[in-house]
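A.B. asks: My structure is below; once you've seen it, I'll send some questions.
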């Protein structure tokens, strides 16, 4: 009986170790994929997110390879990374998941990169809450694209979150009504070693682990490029 108990405990410990290793590996891959998406924003400005949008952003959320598809009933699901501006720069990355459904005549499966740009304090508060619904709790709309956004368009008014998709290297505005964004607890524990709240991470109270260094460099580069372009415009 004792031998059986010892074997059972050992098996459970091994299973937990394997689950942690898998979650950690998946999270590291997601960090790299999100870093690649951020690089593409910087290096394809004419087909990307406008500088004015990035300059005003409170937070940036990247969902690499969001899967959208279905037959008659559509659905989307993905996992990604969020970071917000703080008084000391950009926050450590917080892990998010997104899921939802839509009705309509559709067929097929498509994988796209999704970028959500939080534009004001209301949107920031929704993100800090750890769970919210796009166009339900938080107003969201398809964002403008190109090097510059036209003045006076809807994004300058009251929209809390601008949403973008990227397919074949080109960004386009996308509408995600009803999608639910929430904290990805498994990935958070895999990278930070224990549970951390969205609010603590995104408000700058948690240090970024070494494994997130490339992502942090990339998001700082994204913000720095847009700010540099603004400074050039001001000096003219």
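The values are calculated or read from the model by the stated rules, or taken from the named source; none is laboratory data. Keep in mind that what you see is a predicted model, and the values were worked out from it rather than measured. Methodologically, a virtual Cβ is constructed for each residue, glycine included, from the backbone with ideal geometry; neighbour enumeration extends over all protein chains shown.
A.B. asks: Could you grab me the full set of residues in the stretch 117-138 that are assigned to a loop (DSSP other than H, G, I, E, B) and over 15 Å from residue 57 (Cα atoms)?
C.D. replies: If the condition is that a residue be assigned to a loop (DSSP other than H, G, I, E, B) and over 15 Å from residue 57 (Cα atoms), then 129, 130, 135, 136, 137 are the ones that fit.
A.B. asks: Can you name every residue in the stretch 40-54 that is surrounded by 15 or more Cβ atoms within 10 Å (Cβ to Cβ) and either assigned to a helix (DSSP H, G or I) or on the phi > 0 side of the Ramachandran plot (or both)?
C.D. replies: 40, 41, 42, 45, 47, 51, 52, 53, 54
A.B. asks: Would you check if there is a residue in the stretch 19-41 being farther than 27 Å from residue 185 by Cα and at pLDDT 70 or above?
C.D. replies: Yes, because at least one residue in the stretch 19-41 is farther than 27 Å from residue 185 by Cα and at pLDDT 70 or above.
A.B. asks: Just to check your reading of the model, which residue among 182, 125, 205 is touching a strand residue (DSSP E or B) at 6+ places or on another chain (Cβ under 8 Å), surrounded by fewer than 19 Cβ atoms within 10 Å (Cβ to Cβ) and at pLDDT 85 or above?
C.D. replies: Within the list 182, 125, 205, the selection yields 182.
A.B. asks: Looking at the stretch 66-87, can you tell me whether even one residue there is part of a strand (DSSP E or B), surrounded by fewer than 15 Cβ atoms within 10 Å (Cβ to Cβ) and at pLDDT 85 or above?
C.D. replies: Taking every residue of the stretch 66-87 in turn, at least one turns out to be part of a strand (DSSP E or B), surrounded by fewer than 15 Cβ atoms within 10 Å (Cβ to Cβ) and at pLDDT 85 or above.
A.B. asks: Of the conditions (1) modelled with pLDDT of 90 or more; (2) not in a loop (DSSP other than H, G, I, E, B), residue 227 clears all except one; give me its number.
C.D. replies: Condition (1) is where residue 227 drops out.
A.B. asks: List every residue pair whose Cβ atoms lie under 7 Å apart, where the two residues are 6 or more positions apart in sequence or sit on different chains, the first residue falls within the stretch 190-207 and is on the phi > 0 side of the Ramachandran plot and in contact (Cβ under 8 Å) with a residue 12 or more places away in the chain, and the second residue, located anywhere, is surrounded by 21 or more Cβ atoms within 10 Å (Cβ to Cβ) and assigned to a loop (DSSP other than H, G, I, E, B).
C.D. replies: 204/91
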